[in-house]
Amino acid sequence: MHYKNFKTVVYIPALTASTITPDKLESDYEFIEKYIGLDKVYLETHRDGIEVAKEKLLMIKSFLEGKGVTVSGGITTVLPDIEGSIPGKRRLFNTVCYTDPAMRNRIKKISEYAAGLFDEIILDDFFFTNCTCSSCIRQKGNRDWVSFRRDLMNDVSSNLIVKPAKTVNPNVRMVVKYPNWRESYHYTGYLPKDQQDIFDATYTGTETRSPKYADQHLPEYLSYSLVRYVENAWPGRNGGGWFDTYQCWSADRYLEQMYLTAFAKAKELMFFQWSDLINNYFAGGAGIQLNLIDRLLDGTGNPTGIPVYIPYESSGENHLEMRLGMLGIPLDPTPVFPRNKKLALFTESSASDSDIVIKLKEFVETGGDAVITTGLMRQLQAELKQTGLTEASVTSRKINVTRYQITDDLAGYTDDVKSVVFPEIVHGNNASWSLINGGEGDYHTTLLLQSNYGKGRLFILSIPDNPSDIYRIPNQITDEFKRIISPDEYISGSDLSMFTYDDGSMIVYRYVKNNQRPARISLFTTKDVKCLRDVISGEIFEISDHYFLENREKKRYSVTDIPLVPGVIRKFKWEY
Ligand SMILES: [Zn+2]
């Protein structure tokens, strides 16, 4: 291994594998070894009709193994129209029609072929189906597409992929990689809930590329939070995180994917793919930064964060939690209801759990603080009213907000700022209490509302119509929200993330975006600390006391200002 905290891994797709010469393989290897360091390769046997000959695969495998590189197999399950397959299908990306007998048979053979050569095989993230041909429509019958594809891909996973592979090679470890579009898995038959009983391990797509323009519109934080989600879904069985060079228009954007994947403690960092790296200056930057992040991760424990409940097969307010992660709030998305936690966040996706209201009631009544968004309120408000958790509701009206007010703070006013459109929340005065107001003219709505219930509290957080407008809310206002959702410790500002670990260390990263420049950022804690230390440089930051009002009582925080330069990673620890 080249690094202590992760393996560096490269994928060789079928086209490269089938055309590469021994000389090119050697010079490519030398480049990758020099700049990144190569621990392991996934060598693809099949992609879109390209079947790599056995002699070619063995040539590459034996060369790399001779260099001490581990070699596993890879399969991309896409097929062109093949002999005997039913013509006239409309398929996106040539993903397979799994009701077509000829295609089913071919996929089974592809799995058997790879299992005869490798003891570990990963499926690239085309292992789904979007086929709507007449055969698929007929077999779907009265089911909806989600139910039909769930049944179909359960069958395919077991009977065409894993069982045939294990019959050929009982030792083969079968790995399913999940794509970066979690909110859509269920529409195409990706089944992290069911497939954990079929596959040995999983892998996570962390390619966030260009958030503004990429099809999946993914915030940068996904490279961290999706690894955490998949790890929480399959504890101990997430093999790694996988990113690529596509739509990365700067080395910083490319490397941010790598940093966040590593900060989430992915065991392998997969560089997709071999030929994209050759003579690419991104690889040089990666090599330098891999040494740094390896040092940064030394001694860090397990990642910690505020649980966000995202059930399996759910969608709604997609990626919202990632945007909150880019306000510096450490988050830990999970498909498991965070029953025993002190505080948790629930977005519209939580509504996919049909028992969510019962679970929320129990969570709050027994002392939990639940923060729910206006998107979730819209889905649940009739039921929430009935259970008595809150009398508040979200109306269909929108409020233009150019003025904010922290209600308990004599100095908590921010006027004449860029307008952001929020949904209107109405509530019973003094039945619940607004902590933050926002408005224009002589009208306002609550943006953060507290309702007490039993031993706990329900907070309703208003989300702008355009979720990206979260970054336009003034820091003074988002800080007030941070004191609720992250009451012991928080970082001010936006377009930055804080990654926290159970050994007490904090990695802070300010993204290279929006023409950001260096700035001093305040870090607050209620812990009894002496100072803050930069773990790498040893620099010490003095603290001072700062008081905020909470429920009309003064609450003391220790605060320190740290200079953060975009693109520069820092690691801190409080000294006691
Ligand atoms: Zn079909």
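The values are calculated or read from the model by the stated rules, or taken from the named source; none is laboratory data. Everything numeric in this text was worked out from a predicted model, so none of it was measured. Cβ atoms come from the backbone with ideal geometry, glycine included; neighbour counts cover every protein chain shown.
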Worksheet, complete the sentence: Per the filter on segment 266-287, residues without any contact (Cβ under 8 Å) to a residue 40 or more places away in the chain and either in contact with an Asp or Glu (Cβ under 8 Å, 6 or more places away or on another chain) or assigned to a loop (DSSP other than H, G, I, E, B) (or both) are Asp276, Asn280
Worksheet item: Quick check: is even one residue across segment 300-312 aromatic (Phe, Trp, Tyr), more than 30 Å from Gly375 (Cα to Cα) and outside the structural domain of Asn515 (by TED's automatic domain parsing)?
Response: no
Worksheet item: Taking the stated definitions as given, is Lys554 exposed (fewer than 13 other Cβ atoms within 10 Å of the Cβ), out of contact with any His (no Cβ under 9 Å at 6 or more places or on another chain), of a type in the set (Lys, Arg) and outside the structural domain of Leu447 (by TED's automatic domain parsing)?
Response: yes
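To keep it simple, each residue is scored yes or no on (1) aromatic (Phe, Trp, Tyr); (2) surrounded by fewer than 19 Cβ atoms within 10 Å (Cβ to Cβ).
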| position | (1), (2) |
| --- | --- |
| Val9 | no, no |
| Pro13 | no, no |
| Ala17 | no, no |
| Thr21 | no, yes |
| Lys24 | no, yes |
| Phe31 | yes, yes |
| Tyr35 | yes, no |
| Thr45 | no, no |
| Leu58 | no, yes |
Worksheet, complete the sentence: Note on Lys89: of the conditions (1) of a type outside the set (A, V, I, L, M); (2) within 12 Å of the ligand (Cβ to nearest atom); (3) without any contact (Cβ under 8 Å) to a residue 40 or more places away in the chain; (4) out of contact with any Lys or Arg (no Cβ under 9 Å at 6 or more places or on another chain), unmet is (3)
Worksheet item: Which ones in segment 104-121 are of a type in the set (Asp, Glu) and either in a helix (DSSP H, G or I) or within 16 Å of the ligand (Cβ to nearest atom) (or both)?
Response: Glu112
Worksheet item: Can you name the residue in segment 258-298 that is touching a Leu at 6+ places or on another chain (Cβ under 7 Å) and of a type in the set (A, V, I, L, M) and, of all such residues, is nearest to Ala14 (Cα to Cα)?
Response: Ala283
Fill in: Whichever residue in segment 500-537 is touching a Pro at 6+ places or on another chain (Cβ under 9 Å) and aliphatic (A, V, I, L, M) and, among such residues, is surrounded by the most Cβ atoms within 10 Å (Cβ to Cβ)
Met506
Worksheet item: Which ones in segment 122-145 are more than 14 Å from the ligand (Cβ to nearest atom) and either closer than 20 Å to Leu160 by Cα or aromatic (Phe, Trp, Tyr) (or both)?
Response: Ile122, Leu123, Asp124, Asp125, Phe126, Phe127
Item to complete: Tell me, yes or no, whether segment 278-294 has at least one residue that is over 27 Å from Gly74 (Cα atoms) and touching a Lys or Arg at 6+ places or on another chain (Cβ under 9 Å).
Response: no
Item to complete: Evaluate the following for Val156: is it more than 14 Å from the ligand (Cβ to nearest atom), closer than 14 Å to Thr188 by Cα and in contact (Cβ under 8 Å) with a residue 40 or more places away in the chain?
Response: no
Item to complete: List the strands (runs of 3 or more DSSP E) that sit entirely inside segment 1-77 and contain at least 1 residues that are touching a strand residue (DSSP E or B) at 6+ places or on another chain (Cβ under 9 Å) and over 21 Å from Glu112 (Cα atoms).
Response: 7-12, 40-47
Item to complete: Check Ser492, Ser522, Ser497 and return the single one that is touching a Gly at 6+ places or on another chain (Cβ under 6 Å) and either closer than 25 Å to Glu220 by Cα or modelled with pLDDT of 95 or more (or both).
Response: Ser497
Discussion item. Going by what's in this entry, would Ile161 be described as touching a strand residue (DSSP E or B) at 6+ places or on another chain (Cβ under 6 Å), touching a residue at least 24 places away in the same chain (Cβ under 8 Å) and either closer than 25 Å to Tyr312 by Cβ or hydrophobic (A, V, I, L, M, F, W, C) (or both)?
Written reply: no
Worksheet item: Is there a residue in segment 422-435 that is closer than 18 Å to Ile473 by Cβ and surrounded by fewer than 20 Cβ atoms within 10 Å (Cβ to Cβ)?
Response: yes
Worksheet item: Which ones in segment 66-111 are farther than 22 Å from Pro13 by Cα, among the small types (Gly, Ala, Ser) and crowded, with 18+ Cβ neighbours inside 10 Å?
Response: Ser85
Worksheet item: polar (S, T, N, Q), part of a strand (DSSP E or B), in contact (Cβ under 8 Å) with a residue 24 or more places away in the chain and closer than 24 Å to Thr525 by Cβ - does that describe any residue in segment 289-301?
Response: no
Discussion item. Are there strands (runs of 3 or more DSSP E) fully within segment 493-568 with at least 2 residues that are touching an Asp or Glu at 6+ places or on another chain (Cβ under 9 Å) and within 19 Å of Leu292 (Cβ to Cβ)? List them.
Written reply: 496-501, 506-510
